[in-house]
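The values are calculated or read from the model by the stated rules, or taken from the named source; none is laboratory data. Given the structure is predicted, the values throughout are model-derived calculations rather than measurements. As a convention, Cβ positions derive from the backbone with ideal geometry for all residues, glycine included, and neighbour counts pool all protein chains shown.
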4 protein chains.
Amino acid sequence: MAGSTYGTSFTVTTWGESHGPAIGVVIDGCPAGLPLVKDDIQKFLNRRKPGQSKFTTARKESDQVEILSGVFEGHTTGTPISLMVRNIDQRSRDYSQIKNCYRPGHADFTFDAKYGLRDYRGGGRTSGRETIGRVSAGAVASKILGHLGIRITAYTKSIGTVTVPESEYDYNCINNNPLYMPNNEYAKAASLYLEDCMINQDSSGGIIECVIDGMPAGIGEPVFKKLDALLSQAVMSIGAVKGVEIGDGFLVSHTKGSKNNDAFYSENGQILKRTNHSGGTLGGLSDGNRIILRAAIKPTPSISQEQETVDIQGNTTHITITGRHDPVIVPRAVVVVESMAAITVADLLMDNMSAKIEYLEKIYLKNL
Amino acid sequence: MAGSTYGTSFTVTTWGESHGPAIGVVIDGCPAGLPLVKDDIQKFLNRRKPGQSKFTTARKESDQVEILSGVFEGHTTGTPISLMVRNIDQRSRDYSQIKNCYRPGHADFTFDAKYGLRDYRGGGRTSGRETIGRVSAGAVASKILGHLGIRITAYTKSIGTVTVPESEYDYNCINNNPLYMPNNEYAKAASLYLEDCMINQDSSGGIIECVIDGMPAGIGEPVFKKLDALLSQAVMSIGAVKGVEIGDGFLVSHTKGSKNNDAFYSENGQILKRTNHSGGTLGGLSDGNRIILRAAIKPTPSISQEQETVDIQGNTTHITITGRHDPVIVPRAVVVVESMAAITVADLLMDNMSAKIEYLEKIYLKNL
Amino acid sequence: MAGSTYGTSFTVTTWGESHGPAIGVVIDGCPAGLPLVKDDIQKFLNRRKPGQSKFTTARKESDQVEILSGVFEGHTTGTPISLMVRNIDQRSRDYSQIKNCYRPGHADFTFDAKYGLRDYRGGGRTSGRETIGRVSAGAVASKILGHLGIRITAYTKSIGTVTVPESEYDYNCINNNPLYMPNNEYAKAASLYLEDCMINQDSSGGIIECVIDGMPAGIGEPVFKKLDALLSQAVMSIGAVKGVEIGDGFLVSHTKGSKNNDAFYSENGQILKRTNHSGGTLGGLSDGNRIILRAAIKPTPSISQEQETVDIQGNTTHITITGRHDPVIVPRAVVVVESMAAITVADLLMDNMSAKIEYLEKIYLKNL
Amino acid sequence: MAGSTYGTSFTVTTWGESHGPAIGVVIDGCPAGLPLVKDDIQKFLNRRKPGQSKFTTARKESDQVEILSGVFEGHTTGTPISLMVRNIDQRSRDYSQIKNCYRPGHADFTFDAKYGLRDYRGGGRTSGRETIGRVSAGAVASKILGHLGIRITAYTKSIGTVTVPESEYDYNCINNNPLYMPNNEYAKAASLYLEDCMINQDSSGGIIECVIDGMPAGIGEPVFKKLDALLSQAVMSIGAVKGVEIGDGFLVSHTKGSKNNDAFYSENGQILKRTNHSGGTLGGLSDGNRIILRAAIKPTPSISQEQETVDIQGNTTHITITGRHDPVIVPRAVVVVESMAAITVADLLMDNMSAKIEYLEKIYLKNL
């Protein structure tokens, strides 16, 4: 497949360019009978909308989702759910610069190399607007997970050099600051850092953390479809992500086995772990503990400083990117990471439905 | 799919348990006409064999590969290539401990949670021997890449706290020390570090780096099958990997856009980059520069210190893992990372064959 | 996958219900650089529109396609092509009968059995309108095939007992009669047959034949993705199809090998066949001759005679289906069969691009 | 994928050439906990073995299966099941004829066209021995189905012009005659027909019928993965099959809707059908009635009469195929059709496990 479909049992196919008529997603394999209304999806989309703080572009994107199929009388029907958002605020402007030059840090050059042409308006398919499809599907996946008692929470761990240490997390703060940080004081420090970036016509990266609670043990498929492997693909497939970690992540390279192993113990008949260095997976399957995932987000490549580059004829030139651009992608990417995690987990929960003959008996043998 | 198949055009399906009769892989979609002999594969397998230094288990695993199909008169035929290695040195021993207890850091518990039973002998499907299938397929993928001028090189960047800085890399050293480090002095320091681990009945993690040279630009599929996304899945699907980075990786979280963007320039009609912070991808497609990937490997979970755990009835107990185990997985995992990268790149090169109508014309219109 | 996606390299994902807001398709993997305009697709859709003769429902379905993505300045860009048709003529009517009863010959009962609920308005997802997505994608696939010199032609071979013998085919007639038969006289006889059906409140089945010319030899993948196997899946997946044949089809069961084998001979350096009983495939791969395929279409299940059935509570009852319904599905299904064949062939042509290492050399080694 | 893998949840990957070292299959996604021993598979393989009557080749193929992975202490473990049969009776002989010429009715020419080379020994990958993998996997699928109360029965309906009418079926006879016909008298007549073929150095085709009892309603996925569509792909992918029918099949082309529709009625709270013209599917989903499928098998292409053909240089020549060949493929293909049906149904039963949110609740919400 050419890469626009993700998942095996719960499959998500996204489409759309930044300045085409619309952007959307088709979800195939959503179980029938799930309550679902437009607002379930709109709430997710609102979290990635720009214009919510001075650190996001002032472009107004109303991004109203339309449910085109697969939902009837407030419930999913088991048939494909088609979701679409019209691109309504794309006023015509001058794209000659981006048409004729390759912006550093963007995919202009690689798309031309691959396809021989590209829709250059606003980044086309490589625009951040591509994530509208992901987030819409993530909202549906989250609805399934919530129904089964599984909760996903993503937030900003770092902006530039400002990192919230785990000991100071307060999850109640996440939605109380425009940067989605789990600590309002750190969020203020990060705001100052970003203002400084903006003054210097520069941009900042950061780290998003995502935790999944309520996971049953045994989710994930051995070898290539390990839970952590698919989470990595899912999260690394988001435009600006350059690194992914599970649990202690890169830290494990210099810890010892005696410290990194999580001891098991038993309490009230439940098998628990004393620590969770592994981040909730063992052998690529969930171990019943919190799944912990981190993604490194690169600084916005669109900066207004003059940059050296080449034009499409291959001549060295310089480019100054105009227009208002987010000095940091991180806050708006939080819901994208959460969505990709939700889609992955929903898919693997369904894949796991035939892991034991006992499950098939439960569904198909009436007298059981 | 239940997770044992990887790839779309060049697909790899692995099978086998540590102490079953054999372990192997089926490769479907290898192009016909590629010269391939048993030794091409054996050379790769020899790189993951134990018993090559004091840091790898003394178990003798001769691991002789057998080509069962898909090769005729020294060339691939386009039909599935079935490769098998017999498990010949698996003497019968007492597995009662591992049968009845869940080893910390291993997948014993999660396999039981998923399937209700497991082949406990030597770790069964979760044994490191599972990588024999991956490495065999990686050898074939590397043969294809070599044929097209693409070279993959993996090596040990760190063992515990000993890290070779990029400025001191000497790729000629990689095969001259048992740790596959690109610097013999650092390899000696790492050996001392490992000896200390062994004395303390402990184990060490590390970092493997993998670089890919000679890549054409435009390889990878947008959105979910980005080159970096699939490399992440591929590498994170290796048992002990807990983190993956592309290019500058987690470093990007605290660099600025003006520094992180790689300026383009032109030389002799070629479009080049002044730097390669992005690690050879832009928008998930190769940009013609060196692909750079790093994987964090956790310390071997099998250590001989006594550890707290539970038995399969859920009672808290203690376990002391006997037998000789590698104090570090990293050196033997180098060829596994290289193999997974090779499989991924071979698959994406084939996926890319129909990216342009011009390519179809080249193959199907005779007069062109 | 839940069944709404078809194809490996050229993938088609359809969505939409009869009386939802819209119906559509997403095509992923269409090569970039193909000239494509809305009219290319509209022409195909017009061939399945109702209201073109007395044998098709009088419902007005304007079915105007909208290209939502993947096309820029008249050419495909390589990114997903999203096509949508609004359901505009679906006036509100009384669906209580179809809501509460299971229509014989329809999927009302089986959808309830599978999903526990269904969108009963106008058949919902099981409506013939589902084929709008297939035909839209078929138009794009046909554009690719035409570009490579491959032509697909489908037509009505039989309506009820009226069958056009091969000796009397005149392909120029196909678009000159409302039944798409390759002979106007037989079309007249078939019209009389259908009028008789209508008088008796009954419906008729028929046979559609589809031929593919200009195929290169070697297309199809051995074993499970044989060209004929995928054509069978593709065509049998159309709602009313109950049988599929390739070449001589069921006739082979009582012919002898000496007659059924097609002798090869050579002419002007080309390898040709004296006969084509095999229908253009050998071992599931195209042999360079005309591909011949036939599909048996069942009579329209919606008839206005009273029929015995059950209600959704499981009580035996009777139903009289009101409203105007096509007495025969065949003519409108011709373009659907042609579309499914086109999608299948386009997909397999792309799959075949990496069959030989020589092809990879042609694309990736610059000096060749 | 290059066509050697079939299925989504229960996936089957076959490999192997007629005269290579071995032939086999890897099954991924078999549920854990299913009792499985070697004899379950060997029984199926024995049904396709040659040498059982004068109508099958006298070649001795002992075809002993080896279970290489995925089974532990008599139960499946959920990990890939690798099954292998060594090619032990392949004495070296002279293949120069088949090497240098294209046999009519065989895939020699199309394989060369696709791949540029082929393993010509005994047909290589296109040999009937390729079905060993299918039948081995079919045995496992049948074990799952049997466990859930689903029974598949295949048999020979026709040999040449000798057809057993449904009214004279006696399923108890199927294993009492070498042709697997459901009536011993017709089997005798068919034997005479075949003897006549042999005297005339000719071969015969036939029809295999396959019925599936005990199917729950609602199995199959709408649109492209309809139960009947996948059964068609599965059965048409068997080498010699040229046509597939479901229920009344091609007969529907000339019956009326009033006769073809199956009336529903209710009995003891169960929804039943008065007739089963549809062959157990409605809208591509099982309707709870017997699934009925027929496959047309072409006459064996290997006949000892002299035939016109071309050599690999493209010169017209003549070929006389020596050696003993089955005058009819049908009896040995019966178990292959049954196996492909079993694999398809097992796969779709698993795909269906997440069709309703209620099923997910049943597995994942402990208190339900």
**Request:** Just give me the residues in region B:280-310 being within 9 Å of another protein chain (Cβ to nearest Cβ), of a type outside the set (A, V, I, L, M) and in a strand (DSSP E or B), in sequence order.
**Result:** B:Thr281, B:Ser286, B:Arg294, B:Gln307, B:Glu308, B:Thr309
**Item:** Members of region C:241-270 that are at positive phi and either modelled with pLDDT under 95 or β-branched (Val, Ile, Thr) (or both)
**Value:** C:Asn268, C:Gly269
**Request:** Filter region B:328-361 down to residues that are over 18 Å from B:Ala217 (Cβ atoms) and among the charged types (D, E, K, R), then give me how many there are.
**Result:** 3
**Asked** Out of curiosity, is B:Gly214 in contact (Cβ under 8 Å) with a residue 24 or more places away in the chain and closer than 16 Å to B:Phe55 by Cα?
**Response** no
**Asked** Does region B:351-364 contain any residue that is crowded, with 24+ Cβ neighbours inside 10 Å, within 14 Å of chain C (Cβ to nearest Cβ) and in a loop (DSSP other than H, G, I, E, B)?
**Response** yes
**Item:** Tabulated pairs, region C:252-270, first farther than 15 Å from D:Asp108 by Cβ, second of a type in the set (S, T, N, Q) and in a helix (DSSP H, G or I), C-beta under 9 angstrom, 6+ apart or interchain
**Value:** C:Val252/C:Asn260
**Request:** Looking for whichever is buried (at least 21 other Cβ atoms within 10 Å of the Cβ), more than 21 Å from C:Gly7 (Cα to Cα) and at the interface with chain D (Cβ under 8 Å from one of its Cβ atoms) here; the options are C:Lys226, C:Lys242. Which one fits?
**Result:** C:Lys242
**Asked** Could you say whether any residue in region D:260-271 is surrounded by 24 or more Cβ atoms within 10 Å (Cβ to Cβ), more than 31 Å from the chain's Cα centre (by Cα) and either among the small types (Gly, Ala, Ser) or within 30 Å of D:Asp28 (Cβ to Cβ) (or both)?
**Response** no
**Item:** Residues located in region C:68-119, provided they are over 20 Å from B:Ala355 (Cα atoms) and among the aromatic types (Phe, Trp, Tyr)
**Value:** C:Tyr95, C:Tyr102, C:Phe109, C:Phe111, C:Tyr115
**Item:** Given (1) buried (at least 16 other Cβ atoms within 10 Å of the Cβ); (2) among the hydrophobic types (A, V, I, L, M, F, W, C); (3) over 17 Å from the mean Cα position of the chain (by Cα), number of the condition D:Ile199 does not satisfy
**Value:** (1)
**Request:** Please tell me if C:Ser82 is surrounded by fewer than 24 Cβ atoms within 10 Å (Cβ to Cβ) and hydroxyl-bearing (Ser, Thr, Tyr).
**Result:** no
**Prompt:** Out of (1) part of a strand (DSSP E or B); (2) within 7 Å of chain A (Cβ to nearest Cβ); (3) out of contact with any Ser or Thr (no Cβ under 8 Å at 6 or more places or on another chain), what's the single condition that is false for B:Val252?
**Reply:** (1)
**Request:** Check whether at least one residue in region B:181-195 is at pLDDT 95 or above, farther than 30 Å from A:Gly16 by Cα and within 20 Å of the chain's Cα centre (by Cα), and report yes or no.
**Result:** yes
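Condition check ((1) of a type outside the set (A, V, I, L, M); (2) in contact with a helix residue (DSSP H, G or I) (Cβ under 7 Å, 6 or more places away or on another chain)) across all residues:
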{"position": "D:Ser127", "(1), (2)": "yes, no"}
{"position": "D:Gly138", "(1), (2)": "yes, yes"}
{"position": "D:Leu148", "(1), (2)": "no, yes"}
{"position": "D:Ser167", "(1), (2)": "yes, no"}
{"position": "D:Asp196", "(1), (2)": "yes, no"}
{"position": "D:Gln201", "(1), (2)": "yes, no"}
**Message:** Looking at B:Thr8, B:Thr13, can you tell me which residue is within 11 Å of chain A (Cβ to nearest Cβ) and surrounded by fewer than 24 Cβ atoms within 10 Å (Cβ to Cβ)?
**Reply:** B:Thr8
**Message:** Checking the structure you have, find out if any residue of region A:96-114 is crowded, with 17+ Cβ neighbours inside 10 Å, more than 12 Å from every other protein chain (Cβ to nearest Cβ) and without any contact (Cβ under 8 Å) to a residue 60 or more places away in the chain.
**Reply:** yes
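Residues checked against (1) buried (at least 20 other Cβ atoms within 10 Å of the Cβ); (2) assigned to a loop (DSSP other than H, G, I, E, B); (3) in contact with a Leu (Cβ under 8 Å, 6 or more places away or on another chain):
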| residue | (1), (2), (3) |
| --- | --- |
| C:Asn175 | no, no, no |
| C:Pro182 | yes, yes, no |
| C:Glu195 | no, no, no |
| C:Ile207 | yes, no, no |
**Fill in**
Reported set for region C:202-221 where residues are at the interface with chain D (Cβ under 10 Å from one of its Cβ atoms) and either out of contact with any Pro (no Cβ under 9 Å at 6 or more places or on another chain) or under 22 Å from C:Tyr155 (Cα atoms) (or both) is C:Ser203, C:Ser204, C:Gly205, C:Gly206, C:Ile207, C:Ile208, C:Pro216, C:Ala217, C:Gly218, C:Ile219, C:Gly220, C:Glu221
**Asked** Which of (1) in contact with a helix residue (DSSP H, G or I) (Cβ under 7 Å, 6 or more places away or on another chain); (2) facing chain A (nearest Cβ under 7 Å); (3) surrounded by fewer than 24 Cβ atoms within 10 Å (Cβ to Cβ) does B:His277 not meet, given it meets every other one?
**Response** (2)
**Message:** Quick check on my filter: what residues within region C:69-114 are of a type in the set (A, V, I, L, M) and modelled with pLDDT of 95 or more?
**Reply:** C:Val71, C:Ile81, C:Leu83, C:Met84, C:Val85, C:Ala107, C:Ala113
**Request:** Could you list all residues from region C:117-153 that are farther than 30 Å from C:Arg93 by Cα and free of Cβ contacts under 8 Å to residues at least 24 places away in the same chain?
**Result:** C:Gly146
**Prompt:** Among the residues of region C:311-322, how many are without any contact (Cβ under 8 Å) to a residue 12 or more places away in the chain and part of a loop (DSSP other than H, G, I, E, B)?
**Reply:** 3
**Prompt:** Name the residues in region B:154-198 that are out of contact with any Gly (no Cβ under 8 Å at 6 or more places or on another chain), hydrophobic (A, V, I, L, M, F, W, C) and without any contact (Cβ under 8 Å) to a residue 60 or more places away in the chain, would you?
**Reply:** B:Val162, B:Val164, B:Cys173, B:Ile174, B:Met181, B:Ala187, B:Ala189, B:Leu192
